[in-house]
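Below is one structure, written out as structure tokens; the observations come after it.
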Amino acid sequence: MSNPSTLFEKVWADHVVVDETPETPAVLYIDLHIIHEVTTPQAFSVLRDNGLAVRRRDLTLPTLDHSTPTTPVSMFKDLLVAGEGAANQVRQMQQNCEDFGLDLLGYGSGQRGIVHVIGPELGATQPGKTIVCGDSHSSTHGAFGALAFGIGTTEVGHVLATQCLLQRKPKTLAVNVDGELPEGVTAKDLILAIIGKIGVNGGTGHVIEYRGAAIRAMDMESRMTICNMSIEGGARAGMIAPDETTFDYLRGRSRAPQGAAWDEAIERWRLLRTDDGASFDKSVTLDASELQPMVTFGTNPGMVVGINDPIPDSSDASFKKALDYMQVESGKPMTVNTVDIVFVGSCTNGRISDIEETARILQGRKVADSVRMMVVPGSEQVKKEAEERGLDRVITAAGAEWREAGCSMCIGMNGDIAQPGQLTVSTSNRNFEGRQGVGARTVLASPATAAASAIAGYVADPRTYS
Amino acid sequence: MKPVNKIRSKTVVLPTRDIDTDQIISARFLTTTTREGLGKNVFHDLRYNADGSEKPDFVLNKPESKGCRILIGGNNFGCGSSREHAPWALLDYGFEAVISTEIADIFRNNALKNGLLAIVVDSDTHQWLLDNPGADVAIDVAAATITLLGAKIIEFAIDGFAQHCLIEGIDQLGFLRQQTSTIESYEENRSWKP
């Protein structure tokens, strides 16, 4: 009988090609490599310079998302709008995929979208896989019980050429979430509360496993929102053990196993859970029933406060600098701040349930005249499904913009940005200085809080609008 | 990769905590398809006014900072985005080492793979470095030591493999490619196929 293991340890052990030693890291096999236009050009150049091929084209999933514009006009014009640099980057990705024999999910594929939205929706993201991408929000895929983490461009080159990475085994952190989320409080509020509790470096060097009743009760899209922001707590990866919710989500998706292979997969996936008696290097516990909608007030995702609570105070210089940048005051709640832009989208909250929640709040209401609201589906498939269900018409009738799929304002490198000083309530994952434009101020929140704030014209409690 | 072993330089101090990679190199400069030329935009929004003129108060714009190759950052340096453009930009600008009490995982990995030393020190040493901008600091990778003012020697922890690759200038892709037959046999023998 082997020692009790954590979910992470099981997936790790299954992918070790060469054991680590004090002198050398482990060689870890990668089952799915998702690539996009921004963090791959220099990796393809390394392959070209060394005369190397892509080792496993079948395990490589390329798309376009970061620098693609989301303006709903013709494609060619779009690329010029976003700038020649972005257009060149997209053309180079198309050329690289052609030269290396990769099937790009690009324009016209109907399957293009944010890397961390399309992996799951295609069924390519599966329990027990190792998944990497040159993007730190690769932790999203851990919601399925995969070991998924972001890598740099040099490592993208390693995976393209060898399908492997050199890795030291990380430590483990259990985040236990007991209880039940109150009405009007969502996965986004929970993960912001978790980051507030552990700090933006609380997970450094660790892989998080999210556990407990509140996690088990969540649907897959909520679990993805949780795992997505693991990196905001410093952890490269976050995982949730797969269960019936996971299997129900994946069943029938085009890249999920089919027929007899599906039955075999389910049998294997059921073993992917932390054994009783297995230990974690660290653990923290939260009670979900005590939570309220959360918003950030500062310039990192750990600077977070309940929607109606006063902003805390600190004599720390970095804290004061953040409050100055945000033009907010200690002792006052965030709800006193007027809003210029509301952004719903990103790999954190750009899935169909997020669009649905946004439409539910906007239904029969109007976005305040002083607010520009952008709703950006996470993928072409999310866009199509939302339109089939008429959600886009609810959104546009309220006065919000319904745009093309992409990373949009989350990263501010595709033309979608805020102007200096403007305050954006954003469903994305980072409120760093300048993230959404030079001098732009970002308040991270759930889709419900974002939609409520768009209607109110100031940062607003979504429970007022349910 | 060019071998890196000994660095001696005066320091530049950026004491803010949680300096993220968006601040090191903004996403709007990531439309490049090469590694070169990012240095002119490192810390862009901290360095320049909207009209492109330098902000005189920012540390990199001070005359005494010119030519300094060691950056002392606040705790949790390099958090956020996985963009390797961050270490590329720091190297292109002329930095060869970053020292802090904590350095984010992905940034540290990326930095070491490009020959940018990412060194974690204890909080007392860190505080001394923060309090003494422009201090003369020598780093010895092989010995894994930092020497302050040519006198006080501090040891730091470094992964043995990263240390070896830095000193010898080893490209890790070459090392991985030597494992090809083991990788092939793993692929053939694993109990399930992705």
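The values are calculated or read from the model by the stated rules, or taken from the named source; none is laboratory data. Computed from a predicted structure; not experimentally measured. Reconstructed Cβ throughout: ideal geometry from the backbone, glycine too, with neighbour counts over all protein chains shown. With ligands, DNA and RNA removed, areas are computed over all heavy atoms of the protein, side chains included. Shrake-Rupley method; radii C 1.70, N 1.55, O 1.52, S 1.80 Å.
Kindly report the accessible area of the stretch A:295-465 per residue (heavy atoms of protein chains, probe 1.4 Å, no ligands, DNA or RNA), in Å².
Each residue of the stretch A:295-465 exposes 32 Å² on average to a 1.4 Å probe.
So if I take the centroid of the Cα atoms in the stretch A:99-145 and the same for the stretch B:134-157, what is the distance between those two points in Å?
44
Counting only other chains, what is the mean number of Cβ atoms within 10 angstrom of the Cβ of each residue in peptide B:104-112?
6
Going from the alpha-carbon gyration tensor of the stretch A:7-167, what semi-axes, largest first and in whole Å, does one get by taking the root of 5 times each eigenvalue?
The three semi-axes for the stretch A:7-167 are 29, 18, 12 Å.
Which ³J(HN,Hα) values, rounded to whole Hz and listed in residue order, are derived for the stretch A:92-106 from phi using the Karplus coefficients 6.51, -1.76 and 1.60 in 6.51 cos²θ - 1.76 cosθ + 1.60 with θ = phi - 60°, glycine and proline given as x?
Couplings: 5, 4, 4, 5, 4, 5, 5, 5, 9, x, 9, 8, 6, 7, x Hz.
What full-extension length gain, to one decimal in nm, is calculated for B:Arg8 and B:Gln178 as 0.36 nm per residue of separation minus the Cα-Cα distance?
Stretched fully, the B:Arg8-B:Gln178 segment lengthens by 57.7 nm.
Considering only protein heavy atoms and a 1.4 Å probe, what is the carbon-and-sulfur percentage of the accessible area of the protein assembly as shown?
Whole-percent figure for carbon plus sulfur exposure: 48.
Just list whichever of A:Lys10/A:Lys188; A:Lys188/A:Lys383; A:Lys282/B:Lys113; A:Lys10/A:Lys171; B:Lys6/B:Lys66; B:Lys10/B:Lys152 have alpha carbons separated by over 23 Å in the model shown.
A:Lys10/A:Lys188; A:Lys282/B:Lys113
So for the protein assembly as shown, Kirkwood radius off the Cα pairs, Stokes-Einstein at 20 °C and 1.002 mPa s: how many µm² s⁻¹?
Here the translational diffusion coefficient equals 86 µm²/s.
Ranked highest first by the average count of other Cβ atoms within 10 Å around their residues, in what order do B:138-145, A:355-362 fall?
My ranking of the peptides, most packed first, is A:355-362, B:138-145.
Per-residue mean of other chain beta-carbon atoms within 10 angstrom of the beta-carbon, peptide B:71-81?
So the per-residue partner count for this stretch is 4.
For the stretch A:236-306 and the stretch A:342-360, what is the separation of their C-alpha centers, rounded to whole Å?
Here the answer is 20 Å between Cα centres.
Is the shape of the stretch A:362-458 rounded, prolate or oblate, going by the alpha carbon gyration tensor and its root eigenvalues a ≥ b ≥ c, with a/c under 1.5 for rounded and a/b larger than b/c for prolate?
Oblate.
Taking Cα pairs under 8 Å and at least six residues apart, what relative contact order does chain A come out at, in percent?
17
Sorted by mean Cβ packing within 10 Å, highest first, what order do the peptides B:170-180, A:407-417 take?
Result, highest mean Cβ count within 10 Å first: A:407-417, B:170-180.
Please list the radius of gyration and Dmax for the stretch A:154-222, considering alpha-carbon atoms only, with Å as the unit.
16.1, 48
Relative contact order (percent) for the stretch A:1-126, with alpha-carbon contacts under 8 angstrom and 6 or more residues of separation?
24
If you stretched the chain out fully between A:Arg48 and A:Ser314, how much longer would it get, using 0.36 nm times the residue separation minus the C-alpha to C-alpha distance?
Using 0.36 nm per residue and subtracting the Cα-Cα distance, I get 90.6 nm.
Per residue of A:250-260, what is the mean number of Cβ atoms on other protein chains within 10 angstrom of that residue's Cβ?
Going residue by residue through A:250-260 and averaging, the value is 0.
Could you tell me whether the stretch A:74-210 comes out rounded, prolate or oblate from its Cα gyration tensor? Rule is a ≥ b ≥ c as square roots of the eigenvalues, rounded for a/c under 1.5, then prolate if a/b exceeds b/c, otherwise oblate.
prolate
Under the definition of Cα pairs under 8 Å and six or more residues apart, what whole-number percent is the relative contact order of the stretch B:6-189?
Averaging sequence separation for qualifying contacts and normalising by length gives 23 percent for the stretch B:6-189.
Determine by what factor the alpha-carbon radius of gyration of the stretch B:1-80 differs from 2.2 N^0.38 Å, reporting the quotient.
1.18
With a/c under 1.5 counting as rounded, go ahead and sort the stretch B:6-189 into rounded, prolate or oblate using the C-alpha gyration tensor (a ≥ b ≥ c being the square roots of the eigenvalues; past the cut-off, prolate if a/b is larger than b/c, else oblate).
Verdict is oblate for the stretch B:6-189.
Given the options B:Leu116, A:Pro420, A:Cys133, identify the residue whose Cα lies farthest towards the positive end of the charge dipole of the protein assembly as shown (+1 on Cβ of Lys, Arg; -1 on Cβ of Asp, Glu).
It is A:Pro420, whose Cα lies furthest towards the positive end.
In Å and on Cα atoms, what radius of gyration and Dmax does the stretch A:295-465 show?
15.2, 52
Listed highest first by mean packing, meaning other Cβ atoms within 10 Å per residue, what order do A:22-32, A:368-378, B:120-130, A:312-322 come in?
A:368-378, A:22-32, B:120-130, A:312-322
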